[in-house]
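Engineer: Take a look at the following structure, please.
None of the figures in this text is laboratory data; all of them are computed from the coordinates on show. In this text, all values refer to a predicted model and were calculated from it rather than measured experimentally.
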Amino acid sequence: MDLKDQNLAYFGQNCKLTLMRILAIDDRCYETILHLSCYFFCEVPDNISDSFYSGDVYVGYKNTIFESSNAICHATKFFQTISLKFSNEIPPILCLYTDGGPDHRTNFESVQISLISLFFKGDFDIIIAIKTAPYHSWANPAKRIMSIFNLGLQIISLVYNEFSLEQEKIFKQLNTIEAIQKAKENNNLLKKELKDSIMNIKNLLNKRTTD
């Protein structure tokens, strides 16, 4: 039996043959990759000897097909998270510490413009933006939380919704993210089915990292 075509598998247990349907065997997850964004709001201690590694963590997932990745989008999402965290009043001073990703590398002009926009939007008195040294993102406190997420995301089978037969044939011919992005602009049904499929996976991951 061709498992790739039939999507079935046989398991023998105690001389009993069991037939079950495989729901997660596809190898094209890279085509609809999701990026995790982590925001760690540190609580500044009253005593200098106390730890800064305490506070609230906010997690979000962004897919590379329907959500663009650039500095202004990152700043917009960050401000939404700030507004969620400080629903009553946003503090006047923001100290921002990030790694060297292209959406928040402080020596990039696009990032500097997004920070200026964030400054005016949040009506801050001061924004202090610092990035880690090259290859030192491990020094970013938010980065250390990833190890906890890794535990929460272990042993998960990500299952996408089955497409209609016609759209499935089209999708199998698209081997890159660029090809998928181009195809969805001319095929509304493929766009809808793909978006619904990604949304279910995002909901599952959100549940695993927020519970």
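Engineer: Non-local amide H neighbours of N140 (under 5 Å, H modeled in plane, Pro and chain starts lacking H): which ones?
Structural biologist: Counting only residues 5 or more places away or on other chains, the set is empty.
Engineer: Report the gain in length on full extension from I127 to E178: 0.36 nm times residue separation, minus Cα-Cα distance, nm rounded to one decimal.
Structural biologist: Between I127 and E178, full extension yields an extra 14.8 nm.
Engineer: Amide H to amide H, which residues 5 or more places from T98 or on other chains are under 5 Å from it, using H placed in the peptide plane?
Structural biologist: I130, K131, T132
Engineer: Could you name the lysines in cross-link range of K195, using Cα to Cα under 21 Å and dropping any fewer than eight places away on the same chain?
Structural biologist: Those lysines meeting the cut-off are K62, K77, K169, K172, K182, K184, K207.
Engineer: When all alpha-carbon pairs of region 31-152 are counted, what percent fall beyond 16 Å?
Structural biologist: The proportion of pairs with Cα distances above 16 Å equals 66 percent.
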